[in-house]
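Each remark here refers to the structure printed beneath this line.
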Amino acid sequence: MSALTESAPGYRAGRTLPFRVEVVRQLKRRRTMAMGGILAVLPFVLIVAFAIGGTPGADEDGGGGGNRLNLMDTATSSGANFAATCLFVSAGFLLVVPVALFCGDTVASEASWSSLRYLLAAPVPRARLLWSKLAVALSMSLAAMVLLPVVALAAGTAAYGWGPLELPTGGSLGTADTVPRLALVIGFIFVSQLVTAGLAFWLSTKTDAPLGAVGGAVGLTIIGNVLDQVTALGTWRDFLPAHWQFAWADALQPQLEWSGMLKGSAVSVTYALVLFALAFRNFSRKDIVS
C-alpha cells in the first residue's frame, strides 16, 4: 500500500486530513455545541445566583474568616473580577471536562463509528492522522477555556461595570494590566490541563469506546486531586500536576510571581509529552480493525 501511495500522481502525505477540514468536522458535532453552550451559559447562571443570594462572600453567622478576601468575595466588584471568579470556580473540574472530551473522543469515536480504517485507507498516514486529531483537540480545548472568561468578562462588565481588578490579597490592578493578567491565567490553566489531554488522547488510542477514554481521563484527574489532599505524602505532592493547578493565583498579585506557575508548567508538560509519546507509539503498532 505504501509503495503504491508514494508513487501515486499528486499524492502528498502532508495534505491528507487538513486541519481546516478536521476542525469543521468537530465543530459540527453535537457534543461540541453542547459543551460550548454550557460554558457560555455558566456566567449568566452565576450572575443570577449572585442577584438572588446577595453579596458574594457574605457570612451570616460572622464566621468562616469573613475578613479574609478571596475571589468569591470580590466577584461583583467589576467585570474583570467576575471573569476571574468564573475561572476560579470552573478550573478545578468544569474545564477538565471539555479537555477530556475533545482529546478522548477524537480517535475512539472514529473507531466506534468503524470509520478509522477507512481514513487510514484513504490513505492518511497514521502519524499524520494523530497529529491532525491532536492539534484540533488541543485547539478546541483552548477555545473552550477562552470562551468562558470572554463571555464572563462581557456579561460581568454589563452587570457590574468595568473597573480595576480587585486582588484577593488587597489592592487592585489597573485596567491596563487586567486583560494581560487574565490571559496569563488562561494560558497557565491550559498548560496545566495538558496532563488530562495526554491521558485522554492516550486512552483514545487504546479503546474503541469514547466514553471509556473520556471517563478514564476525568477519573484519573480526580484521583490526582484526591492524592494532592493527602498531606502525608509530603514533598511527593510536588510531582502531582493537581498540586499546581491553582498556581495561577500568583498572577493575581500586585507583584507577579512566576515560580509556582513555572514549576506547575514543567510538571504538566513533562507528563503530557510522555503520554502523547505513548499514544503515538501505541497507535503506530495497533491493529486497526474498526
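Has the stretch 225-238 got any residue that is more than 30 Å from Trp162 (Cα to Cα), within 17 Å of the chain's Cα centre (by Cα) and crowded, with 23+ Cβ neighbours inside 10 Å? No, there is no match, as no residue in the stretch 225-238 is more than 30 Å from Trp162 (Cα to Cα), within 17 Å of the chain's Cα centre (by Cα) and crowded, with 23+ Cβ neighbours inside 10 Å.
The set of residues in the stretch 242-290 being surrounded by 19 or more Cβ atoms within 10 Å (Cβ to Cβ), at pLDDT below 90 and more than 29 Å from Glu166 (Cβ to Cβ) consists of Phe283 alone. With the condition kept exactly as written, say whether any residue in the stretch 237-244 is of a type in the set (Asp, Glu), in contact (Cβ under 8 Å) with a residue 24 or more places away in the chain and either out of contact with any His (no Cβ under 8 Å at 6 or more places or on another chain) or on the phi > 0 side of the Ramachandran plot (or both). Yes, that holds for at least one residue. Checked against (1) touching a residue at least 12 places away in the same chain (Cβ under 8 Å); (2) in a helix (DSSP H, G or I); (3) more than 19 Å from Cys86 (Cβ to Cβ), Pro123 passes all but condition (2).
Here Val97 does not fit the description of being open to solvent by less than 10 Å² (accessible area, probe 1.4 Å) and among the hydrophobic types (A, V, I, L, M, F, W, C).
Picking from residues in the stretch 122-161 that are farther than 20 Å from Ala49 by Cα and hydroxyl-bearing (Ser, Thr, Tyr), the one that is modelled with the lowest pLDDT is Ser132.
How many of the residues in the stretch 150-164 are open to solvent by 60 Å² or more (accessible area, probe 1.4 Å) and touching a Cys at 6+ places or on another chain (Cβ under 9 Å)? So the count comes out to 0.
Within the stretch 165-184, the set of residues being open to solvent by less than 60 Å² (accessible area, probe 1.4 Å), free of Cβ contacts under 8 Å to residues at least 60 places away in the same chain and farther than 17 Å from Ala152 by Cα comprises Gly174 only.
Restricting the stretch 136-149 to residues that are under 14 Å from Cys86 (Cβ atoms) and free of Cβ contacts under 8 Å to residues at least 60 places away in the same chain, the residue that is surrounded by the fewest Cβ atoms within 10 Å (Cβ to Cβ) is Val146.
The values are calculated or read from the model by the stated rules, or taken from the named source; none is laboratory data. The structure presented is a predicted model; accordingly, all values stated were derived computationally and were not measured. Counting neighbours? That spans all protein chains shown, and the Cβs are built from the backbone with ideal geometry, glycine included. All accessible areas refer to the heavy atoms of the entire protein, side chains included, with ligands and DNA or RNA removed. Shrake-Rupley method; radii C 1.70, N 1.55, O 1.52, S 1.80 Å.
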